[in-house]
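**Q** Shown below is the structure under consideration.
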Amino acid sequence: MSVLLSDTFYEDVPTLDEVKHEISSIVGLREIKRHLEAIVEKIIVAEKDASDGLKVLPPKPFHMVFVGNNGTGKSTVARILGKLFYLSRALSSYAVTEMQGNKKMKDAKGGVLLVNIDEEDPINSKLVDEIIAAMDEGDISIIFAGTYKALNQYMKFNNELYKRFSARLQFDDLTPEELAMILQKKASDQGEDGLICGFALDSSCSTIDIADKIAALAPESLRRLLNAHLLDQMLIEARKVAERSGEKTIFLRDLAVGIHSGGQIYKNLLNL
């Protein structure tokens, strides 16, 4: 089961300082953050060598496997890697293109191709051959993302595919406290596209209290299945509660209703 749609992400031309800030802002994923920070340090060293007049050869793009459930940050990290590969001159583009692993091959435009693998999808042998050919051409970086079961099933289909991956990153499920921290970050976005634009969380909505509500009201099985993907609907439902009471402040009691209602919506949607 995948909740991600095929798309291409274009963002402003990245700077190293902006990417470093993005990495530091990631909630959880401690080991993965260290991996990203190591790439940043390599870019810094290369830039210094170049400024000192030394010849610096850009690294070759490499291919990776992201193992984890939905909502654990795989797309976010893929976009950061796309920027790092671009800044290191390994890739000519920082765009990240997403696609499902049983659909038509997409043009990654010299950037990163993020292939989402779902264990329920039939394997498209023609697509696998096209992906292998794209890997060998060497002008894009391909990342396979999915659960361990889905990826293992896909890799067993073609041993030549598995051999071409250079790194494997594990994305652990988010804890209730990590989910609470992400929810607070989402709630603080008061831009026009913010989920609760015009509303604010009350001071009673501390990280610890939100985490307790998530742990109590959102079933662990649902959290493991969707992780951060649950949070948008929870905030939307909490905002509705505040609107009905004529408030512009979302209190902890409102958020508790939103957490429960948002979880129920997904349970019904997924027939759980």
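**Q** Look at segment 144-181 and say how many of its residues are farther than 18 Å from Ala78 by Cα and of a type in the set (D, E, K, R). Steps first, please.
**A** Step one: filter segment 144-181 for residues farther than 18 Å from Ala78 by Cα, giving 149-150, 152-163, 175-181.
Going one step further and asking which of them are of a type in the set (D, E, K, R), we end up with 149, 156, 160, 163, 177-178.
Qualifying residue count, segment 144-181: 6.
**Q** In segment 187-210, which residue that is surrounded by 17 or more Cβ atoms within 10 Å (Cβ to Cβ) and part of a helix (DSSP H, G or I) is nearest to the chain's Cα centre (by Cα)?
**A** Ala187
**Q** On to the next question. Search segment 43-59 for residues being loosely packed, with under 11 Cβ neighbours inside 10 Å and among the small types (Gly, Ala, Ser), and hand back the single one that is farthest from Ile80 (Cα to Cα).
**A** Gly53
**Q** Only residues in segment 102-114 that are closer than 17 Å to Ser75 by Cα and without any contact (Cβ under 8 Å) to a residue 60 or more places away in the chain count as the first member; pair them with residues that are aromatic (Phe, Trp, Tyr) and assigned to a loop (DSSP other than H, G, I, E, B), Cβ under 9 angstrom, at least 6 apart or cross-chain, and list the lot.
**A** Listed pairs, sorted by first residue: Gly111/Tyr94; Val112/Tyr94.
**Q** Could you please find all residues in segment 104-143 being farther than 19 Å from Met64 by Cβ and in contact with a Phe, Trp or Tyr (Cβ under 7 Å, 6 or more places away or on another chain)?
**A** Ile123 - this is the single residue of segment 104-143 that is farther than 19 Å from Met64 by Cβ and in contact with a Phe, Trp or Tyr (Cβ under 7 Å, 6 or more places away or on another chain).
**Q** Give the residue that is surrounded by the most Cβ atoms within 10 Å (Cβ to Cβ), with candidates limited to residues of segment 121-140 that are outside any helix (DSSP H, G or I) and in contact with a strand residue (DSSP E or B) (Cβ under 7 Å, 6 or more places away or on another chain).
**A** Only one residue fits best here, namely Ile140.
**Q** So is Lys106 surrounded by 15 or more Cβ atoms within 10 Å (Cβ to Cβ), within 26 Å of His35 (Cα to Cα) and outside the structural domain of Thr207 (by TED's automatic domain parsing) or not?
**A** no
**Q** Taking segment 9-19, which residues are over 13 Å from Ser88 (Cα atoms) and either surrounded by fewer than 16 Cβ atoms within 10 Å (Cβ to Cβ) or modelled with pLDDT of 95 or more (or both)?
**A** Tyr10, Glu11, Asp12, Val13, Asp17, Glu18
**Q** Another question, then. Check segment 141-162 and report whether any residue there is in a loop (DSSP other than H, G, I, E, B), charged (D, E, K, R) and either assigned by TED's automatic domain parsing to the domain that holds Leu226 or at pLDDT below 95 (or both).
**A** Scanning segment 141-162, I find no residue that is in a loop (DSSP other than H, G, I, E, B), charged (D, E, K, R) and either assigned by TED's automatic domain parsing to the domain that holds Leu226 or at pLDDT below 95 (or both), so the answer is no.
**Q** Please tell me if Ser221 is in a helix (DSSP H, G or I), at pLDDT below 95 and more than 19 Å from the chain's Cα centre (by Cα).
**A** When the stated conditions are applied, Ser221 passes them.
**Q** Confirm whether Leu169 is outside any helix (DSSP H, G or I) and either touching a Ser or Thr at 6+ places or on another chain (Cβ under 6 Å) or within 27 Å of Ile143 (Cβ to Cβ) (or both).
**A** Yes; evaluated as a whole, the condition is true for this residue.
**Q** Still on this structure: Name the pairs: first residue in segment 42-63 and more than 29 Å from Met155 (Cβ to Cβ), second residue modelled with pLDDT of 85 or more and assigned to a helix (DSSP H, G or I), Cβ to Cβ under 6 Å, at least 6 apart or on different chains?
**A** These pairs meet every condition: Ile43/Leu87; Val56/Ala46; Val56/Asp49; Val56/Ala50.
The values are calculated or read from the model by the stated rules, or taken from the named source; none is laboratory data. This structure is a prediction, so every number in the text was calculated from the model and none was measured. Cβ atoms come from the backbone with ideal geometry, glycine included; neighbour counts cover every protein chain shown.
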